[in-house]
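The values are calculated or read from the model by the stated rules, or taken from the named source; none is laboratory data. Predicted model only: the values in this text are computed from it and were never measured. Cβ sites come from the backbone with ideal geometry, for glycine too, and all protein chains shown count toward neighbours. Remember, those area values only see protein heavy atoms, side chains included, never the ligands or the DNA or RNA. Shrake-Rupley method; radii C 1.70, N 1.55, O 1.52, S 1.80 Å.
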Amino acid sequence: MELIVLRWDWKNGTDHAPVGLLETLMNTDAIQRLKPRLASALDARGVFLVLALITALGLSIAPASGTLGPSAAVILVTLALWSTGLLPPFLTSLIFFAAVLIPGIATPDIIFAGFGSAAIWLIVSGFVIGAAITGSGLGAGLASRLTPLVGTSYTRLVTVMTVAAMLLGFIMPSSVGRAVVLIPIGMALAEQSGLKPGSNGRIGLAVALTLACNMPSFAILPSNIPNMILAGSAENLYGLHFDYTSYLALHYPVLGIAKSALTIILVLVLFPDRIDSTRTLVPAPESSANRALQRRVALILGGTLLLWMSDTIHGVGPAWIGIGTAVLLLLPRIGAVAPRDFNASVDFGMIIFVAAALGVGALVNTSGLGTVVGQGLQSVLPLDPEHGFINFLSLTLISGLTGLITTNPGVPTVLTPMASELASAAGMSLDAVLMTQVVGFATVIFPYQVAPLVLGMQLSGEKLRNVVRVTIPLALLSHGLLVPLDWLWWRFLGWI
């Protein structure tokens with residue numbers, strides 16, 4: 001066996017000793033290409049993770065009441081791993097479950113409550129619906145009908161699909177439902193336009209659709225989960241009832257229209273591409289069997305849309321309607337997804353991730369960490385009745401920062417109980433303080449904060465990290481540009 005000896009000349013910075021096999025390995029093309037990535041990870045994500053681990057260790061051994069310290073430590077490490085992406089999200093989720101349950105920080109009924117939430121079952125049914133739209137060819141067929149609107153313009157492609165997602169937000173109450181209907185159609189349209197998987201154009205369209213299926217609906221009262229949690233908490237605690245039209249008029253011009261326009265611009269800048277103008281679309285020939293299958297899927301989805309749109313009348317939640325749709329689509333001779341293909345169509349790793357994200361929010365609330373975070377932010381950020389604009393910025397920032405810890409659906413749960421105190425400190429009406437939460441939790445930085453973003457990119461087949469390339473600059477632009485614009489709009493409407 002060859003003896004490998006390393007001797008480093010610190011003065012000249014060269015290695016004079018033969019290094020044998022090690023030198024051969026280190027000089028391979030693969031290692032050379034990997035070095036910059038490793039250095040980048042160690043310089044940025046690795047340092048962040050190490051700091052998080054050190055802080056978590058301090059929290060876990062510091063004197064604290066009950067399980068507050070250990071809970072904060074586990075949550076900090078979990079969020080750090082999700083944010084850096086150094087481990088697969090599902091693995092980080094399993095680490096979270098183990099770290100909470102083995103030492104008994106919380107009980108299984110709290111941590112695993114996410115598996116019983118409507119969001120999980122919307123996601124399961126969403127995967128089946130997406131597989132049916134793609135497998136039946138319905139997505140490709142609808143994409144062919146949208147082609148004349150898109151032409152050969154990549155800009156028009158992104159814009160048309162974004163507007164379609166925005167309009168669907170008014171009639172479909174679920175971000176997940178919008179994603180599972182539109183993203184397979186968008187990806188089929190990308191394929192017909194010659195945008196290959198992994199190309200800038202396909203990634204850009206996937207990101208634009210993923211964001212458009214979720215972001216504008218924060219401004220439509222019944223179309224997003226955090227909105228409904230806020231409305232329910234305000235009614236239970238203060239007897240306040242939000243009006244659909246007033247809510248829409250207050251939020252949609254900026255959070256819906258202006259933010260969507262910014263999103264389109266960022267996507268076109270960060271993922272530039274073009275569609276070959278000489279490309280001629282030739283639809284693939286379809287058999288009568290395919291057309292019959294597509295008609296069945298379209299009929300089932302049409303009924304699903306009607307039930308989703310009328311949920312306030314019949315009272316059946318969107319998730320349970322989705323499960324019924326999934327059953328129909330899986331039935332032999334009726335559906336479009338063979339039962340044997342169920343495992344292939346559902347990403348169980350993503351389901352574990354979403355359940356863990358919901359578990360983090362539950363742990364934040366039950367441990368008291370959410371209240372501590374909210375009160376801490378309140379004490380740090382300036383609130384003074386004489387400085388209305390600063391108050392508005394501070395309150396929206398409190399909401400946005402809380403969402404980083406609790407995930408966005410947890411923001412109303414944490415901040416609504418202290419809204420009365422915040423209103424007194426800021427000299428604002430209670431209604432206005434509650435509405436600032438919307439501006440805050442509508443600003444998303446990382447995908448783990450909002451489960452539909454994870455699902456959307458999973459349905460597109462593109463990497464989740466591409467969303468962050470847009471959400472981070474979008475969040476900066478939101479606080480620097482859209483929040484001041486919101487302030488002016490609220491003043492014009494007489495809210496502040």
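When segment 84-100 is filtered for residues that are open to solvent by less than 50 Å² (accessible area, probe 1.4 Å) and assigned to a helix (DSSP H, G or I), the ones remaining, listed by number, are Thr84, Thr92, Ser93, Phe96, Phe97, Ala98, Ala99, Val100.
Taking the options Glu462, Glu421, name whichever one is at pLDDT 85 or above, among the acidic types (Asp, Glu) and open to solvent by 10 Å² or more (accessible area, probe 1.4 Å). Going through Glu462, Glu421 in turn, just one is at pLDDT 85 or above, among the acidic types (Asp, Glu) and open to solvent by 10 Å² or more (accessible area, probe 1.4 Å): Glu462.
Counting the residues of segment 188-216 that are at pLDDT below 90, in contact with a helix residue (DSSP H, G or I) (Cβ under 7 Å, 6 or more places away or on another chain) and not in a loop (DSSP other than H, G, I, E, B) gives 4. Residues in segment 408-442 that are under 22 Å from the mean Cα position of the chain (by Cα) and not aliphatic (A, V, I, L, M): Asn408, Pro409, Gly410, Pro412, Thr413, Thr436, Gln437, Gly440, Phe441. Close contacts from segment 370-388, counting a first residue that is loosely packed, with under 12 Cβ neighbours inside 10 Å and modelled with pLDDT of 70 or more and a second that is part of a helix (DSSP H, G or I) and not polar (S, T, N, Q), with Cβ to Cβ under 7 Å and a gap of 6+ residues or different chains, come to Pro382/Ile390; Pro385/Ala426. The set of residues in segment 101-149 being open to solvent by 40 Å² or more (accessible area, probe 1.4 Å) and either within 18 Å of the chain's Cα centre (by Cα) or of a type in the set (Phe, Trp, Tyr) (or both) consists of Phe112, Phe115, Ala118, Trp121.
Restricting the first member to segment 391-417 and to residues that are under 22 Å from Trp82 (Cα atoms), and the second to residues that are of a type in the set (Ser, Thr, Tyr), the beta-carbon pairs closer than 6 Å and six or more apart or on different chains are Gly400/Thr443; Val411/Ser399; Val411/Thr402; Val414/Thr402; Val414/Thr406. Here the helices (runs of 4 or more DSSP H) wholly within segment 426-496 that include at least 1 residues being of a type in the set (Gly, Ala, Ser) are 430-441, 451-460, 465-477. Pairing residues of segment 93-116 that are on the phi < 0 side of the Ramachandran plot with residues that are among the aliphatic types (A, V, I, L, M) and open to solvent by 50 Å² or more (accessible area, probe 1.4 Å), at Cβ distances under 6 Å and at least 6 apart in sequence or on separate chains, gives Gly114/Leu358. The condition (being under 30 Å from Pro70 (Cβ atoms), outside any loop (DSSP other than H, G, I, E, B) and open to solvent by 20 Å² or more (accessible area, probe 1.4 Å)) is satisfied by just one residue among Leu415, Leu363, Leu393, Leu401: Leu401.
Among the residues making up segment 226-272, those that are under 17 Å from Pro473 (Cα atoms) and part of a loop (DSSP other than H, G, I, E, B) are Phe271, Pro272.
Within segment 287-314, can you find the residues that are in contact with a helix residue (DSSP H, G or I) (Cβ under 8 Å, 6 or more places away or on another chain) and at pLDDT below 75? Those that are in contact with a helix residue (DSSP H, G or I) (Cβ under 8 Å, 6 or more places away or on another chain) and at pLDDT below 75: Trp308, Asp311, Thr312.
Residue count for segment 319-356, restricted to those that are in contact (Cβ under 8 Å) with a residue 60 or more places away in the chain, touching a Pro at 6+ places or on another chain (Cβ under 9 Å) and open to solvent by less than 30 Å² (accessible area, probe 1.4 Å): 4. Regarding segment 255-268, can at least one residue be identified that is among the basic types (Lys, Arg), modelled with pLDDT of 85 or more and open to solvent by 20 Å² or more (accessible area, probe 1.4 Å)? Within segment 255-268 (the criterion being among the basic types (Lys, Arg), modelled with pLDDT of 85 or more and open to solvent by 20 Å² or more (accessible area, probe 1.4 Å)), the answer is no, since none of the residues qualifies.
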